[in-house]
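Structure, as C-alpha cells:
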Amino acid sequence: MKRIERVSLIGLGAVGSVVATRLADSLGDRFTIIADAARQERLRNEGLLFNGRRYDFALTDKDEPKELILIATKASALPEALDAAAPFVGPGTIVLSLLNGIESEEMVAARFPEAHVLYSYFLGHPSLREGNRITHDGNFRIYFGEAQNLTLSPEAERVGQLFELAGILYEIPPDMRSALWQKFVINIGCNQTTALLRSPYGHLQRNDLAMALAVDLMNEAAAVARAIGIAQADEMVERAVEVIHAMNPDGKSSMLQDTEAGRPTEIDIFAGTLCRLADELRIPVPLNRAALRILSAQ
C-alpha cells in the first residue's frame, strides 16, 4: 500500500498545532501549512513555540493536490478554510475535518465531491495558548473512518499507517456517525457547562450540582440522537460522564477559554445545532435553548 507523503493542514490552533508538530517531525518538508499571506508572514517571523520548542513549518506554495488535508480551524471558520484548501484538493484527496460539531463533513463533501472525506474528530486534553506559544500534555487521540463501514477502507488504512509513523494515537470506529455524536454529546455537556459556570473540569468532577447540569444538557442531546436513529444513543451520556471524570481537573475547555478571553464561542455549533434539530423533531431541549441564549448574549 502506497504511503501518504504529501500532507497539508489548515488551522494551526489548539488542536491543529498538536497534530502538526507530530506530522512535521515525521514528514519534514513534505508536511505543509495552508495559510493566508498574513499568517504565513507571522509563521516565517515567529514560528510556533510548542511545549518550548520552536517549529518553522514548511508552507504550501504550489497549487497542486495533496494526498491528505486536515482541517483544524474553528467551526465558524470552515467556509474560509474550504476556500483556502480548494487549490490543493484533487480527485482522491483524503480530507479529515477535526472540527467540533456534527455537520462539517457534509459541508466538506458538498464543496469537494472529488475528494474522499473521512468522518473524524479529535478527543484529548485541551491546549493552552498565549500568542504563538502552545502547551499540551500529549494526551489525545484522533477518531476517524467512514460514516458507517464494517470493513476498513483503503483510505482509512492509509491514514492509520501515516498516524502510526507520526506517533499519533488513533481509533477507527466501525460507525463514525455514532462516534461523532458521542463527541458531540460530550461537548454539549462539558464545554457548555464549564463556560456557563466559568470553571475548569475539576468543578464538574467535584460538584454534584455542576455535573447534574452537564448530564441534563447531555440527556437532551441523547434524546435527539435517539430520535434520529443514531446507534448507541442510550449509552452516550454514561460514556461522556466517564470521559469528563478522566479529564485534567485543572484543564479548561476551548469554550471556557474563549469565554474568558472575550472571543466568540462555538455555542451555535453545539446548542445551536441541537436546537435546530430538536425543532424539526419537536423534541423539547429547554436547557440547551437557555445555554444558547446565555452564551450568545455574552
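Below are the figures for this structure:
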quantity	calculated
Qualifying positions in segment 79-97 - buried (at least 22 other Cβ atoms within 10 Å of the Cβ) and either in contact with a His (Cβ under 7 Å, 6 or more places away or on another chain) or free of Cβ contacts under 8 Å to residues at least 40 places away in the same chain (or both)	94, 95, 97
Selection within segment 188-208 - more than 16 Å from residue 245 (Cβ to Cβ) and surrounded by fewer than 24 Cβ atoms within 10 Å (Cβ to Cβ)	196, 197, 198
Unique match (being at positive phi and crowded, with 17+ Cβ neighbours inside 10 Å) among 145, 131	145
Subset tally (residues that are under 15 Å from residue 254 (Cβ atoms), among the polar types (S, T, N, Q) and not in a helix (DSSP H, G or I)) for segment 188-212	1
Within segment 9-48, tally of residues that are among the hydroxyl-bearing types (Ser, Thr, Tyr) and under 17 Å from the mean Cα position of the chain (by Cα)	2
Positions within segment 103-121 being farther than 17 Å from residue 171 by Cα and either buried (at least 23 other Cβ atoms within 10 Å of the Cβ) or not hydrophobic (A, V, I, L, M, F, W, C) (or both), in sequence order	103, 104, 105, 106, 108, 111, 113, 114, 116
Qualifying residue in segment 44-54 (condition: assigned by TED's automatic domain parsing to the domain that holds residue 135 and in contact with a helix residue (DSSP H, G or I) (Cβ under 7 Å, 6 or more places away or on another chain))	yes
Members of segment 200-214 found to be within 21 Å of the chain's Cα centre (by Cα) and of a type outside the set (Phe, Trp, Tyr), listed by number	200, 214
Output for segment 253-283, where each listed residue is touching a residue at least 60 places away in the same chain (Cβ under 8 Å) and either of a type outside the set (A, V, I, L, M, F, W, C) or in contact with a His (Cβ under 7 Å, 6 or more places away or on another chain) (or both)	253, 254, 257, 258, 259, 260, 264, 265, 266, 268, 273
Any chance residue 42 is at pLDDT below 95 and over 30 Å from residue 175 (Cβ atoms)	yes
One residue from 231, 246, 222 being within 23 Å of residue 75 (Cβ to Cβ) and among the small types (Gly, Ala, Ser)	222
Selected residue [among the charged types (D, E, K, R) and free of Cβ contacts under 8 Å to residues at least 12 places away in the same chain] from 164, 171, 157	164
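Condition check ((1) in contact (Cβ under 8 Å) with a residue 24 or more places away in the chain; (2) over 30 Å from residue 189 (Cβ atoms)) across all residues:
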| site | (1), (2) |
| --- | --- |
| 6 | yes, yes |
| 11 | yes, no |
| 16 | yes, no |
| 29 | yes, yes |
| 40 | no, yes |
| 46 | yes, yes |
| 60 | yes, yes |
| 72 | yes, no |
| 102 | yes, no |
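The rows are residues; the columns are (1) buried (at least 22 other Cβ atoms within 10 Å of the Cβ); (2) touching a strand residue (DSSP E or B) at 6+ places or on another chain (Cβ under 7 Å).
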position	(1), (2)
52	no, no
55	no, yes
58	no, yes
63	no, no
69	yes, yes
72	yes, yes
75	no, no
99	yes, yes
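The values are calculated or read from the model by the stated rules, or taken from the named source; none is laboratory data. Everything numeric here is computed off the predicted structure, so don't read it as measured data. Note: ideal-geometry Cβ built from the backbone for every residue, glycine included; neighbour counts use all protein chains shown.
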